[in-house]
């Protein structure tokens, strides 16, 4: 199936449910928000006890959350990217770990939709429509750059084998499949889809960060795991497709941070209704602390701005098609860059400033409010956000394009990207 056919299928599937895409989206989001509201009470204890959200993952499966952007003809809901982003915000607002779990799942679904072969789409999209979940294994020890993975797929005696080690294998403890980033013998990049119980696959439950404690982000080992050609999702040779896939992946990260900010704001409002004014304000109740109330308004402004920019980028992603010029795709990509910067800043500021509302007593472990900051601080370190304003400026002034996966360096002139094959060796060799 061509990219044009894939885009056509995805666009059509949103209205096959018997209602308009907007009506279907509204219904799904209403059901999701009602469901995730019940997750809020247990989230602090899950975090404190490092208790995995297996039940919550299953509840989400029951409402087809994991298949929300899978075309209807494969058993999914066929909803658009804007709905996906709103769903991620909703889940992340109650539990930053649970909100992180779908990030790589939906990124892999997008890869299948835009660049999977007909056989891969037929098999994996039907599995996803039936409720399957993708875990992830991308990052490697030493923070190697894209295209430099030591995890490899090699051929021996006519058979393919995957070997290597990964860190931060997020969601792999929950996944029916694991999407593993690897390098083939020609130096190209592959996403290799394996099952957790395949011979040679070992998942270690050794993630011990102070934040996002229940994402199942342990390390993974792959020792001569035999794979079939259908399990190899090769990188697209079309730069526009590559940047569209990357843009959604990074936008989901921005949605997670936006959700954490909104969850912290929710808690700040709850505190404001029951605590006294700040020391020195002369106010017996917080609502009479003029500067405190104004600061609460500032937190709302920040979260609203982050949400609107994230949603705007999602709408623009939905507007892209197979014939969209690469320059237009890159312009949307850079709106995602802006959303990533703003959502990072917002998550860190709001999750910190909620304690200015609650005062020192709100830091008690029993309340569990520190999990918002810990989750935000951990998640916003996913990549070097400080480089993104620079890469945006270089696009504006010189039309130099950021690396698709870091949204920052290395940079490549747009004209070179338009003329280059999607070859990691060539790309990184010519990038500046």
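The values are calculated or read from the model by the stated rules, or taken from the named source; none is laboratory data. Just so it is clear, the structure is predicted and the values come from calculations on it, not from any experiment. Cβ: placed from backbone, ideal geometry, glycine included. Neighbour counts: every protein chain shown.
For this structure, a couple of remarks:
- Residue in the stretch 243-251 that is out of contact with any strand residue (DSSP E or B) (no Cβ under 8 Å at 6 or more places or on another chain), buried (at least 22 other Cβ atoms within 10 Å of the Cβ) and not assigned by TED's automatic domain parsing to the domain that holds residue 388 present: no
- So residue 349, is it in a helix (DSSP H, G or I) and either over 30 Å from residue 295 (Cα atoms) or at pLDDT below 95 (or both): no
- One residue alone among 240, 261, 220 is crowded, with 21+ Cβ neighbours inside 10 Å, under 15 Å from residue 138 (Cβ atoms) and under 23 Å from the mean Cα position of the chain (by Cα), and that residue is 220.
- Tally, over the stretch 40-71, of residues that are surrounded by fewer than 20 Cβ atoms within 10 Å (Cβ to Cβ) and free of Cβ contacts under 8 Å to residues at least 60 places away in the same chain: 9
- Residue count, the stretch 101-152 (criterion: part of a helix (DSSP H, G or I), under 30 Å from residue 347 (Cα atoms) and free of Cβ contacts under 8 Å to residues at least 60 places away in the same chain): 1
- Selected residue [surrounded by fewer than 17 Cβ atoms within 10 Å (Cβ to Cβ) and either in contact (Cβ under 8 Å) with a residue 40 or more places away in the chain or within 18 Å of the chain's Cα centre (by Cα) (or both)] from 171, 187: 187
- Screening residue 390 on (1) within 20 Å of the chain's Cα centre (by Cα); (2) under 30 Å from residue 150 (Cβ atoms); (3) at pLDDT 95 or above shows it passes everything except condition (1).
- Number of the condition not met by residue 214 [criteria: (1) part of a helix (DSSP H, G or I); (2) under 19 Å from the mean Cα position of the chain (by Cα)]: (1)
- Helices (runs of 4 or more DSSP H) enclosed by the stretch 36-100 - at least 2 residues per element that are within 22 Å of residue 336 (Cβ to Cβ): 81-92, 96-100
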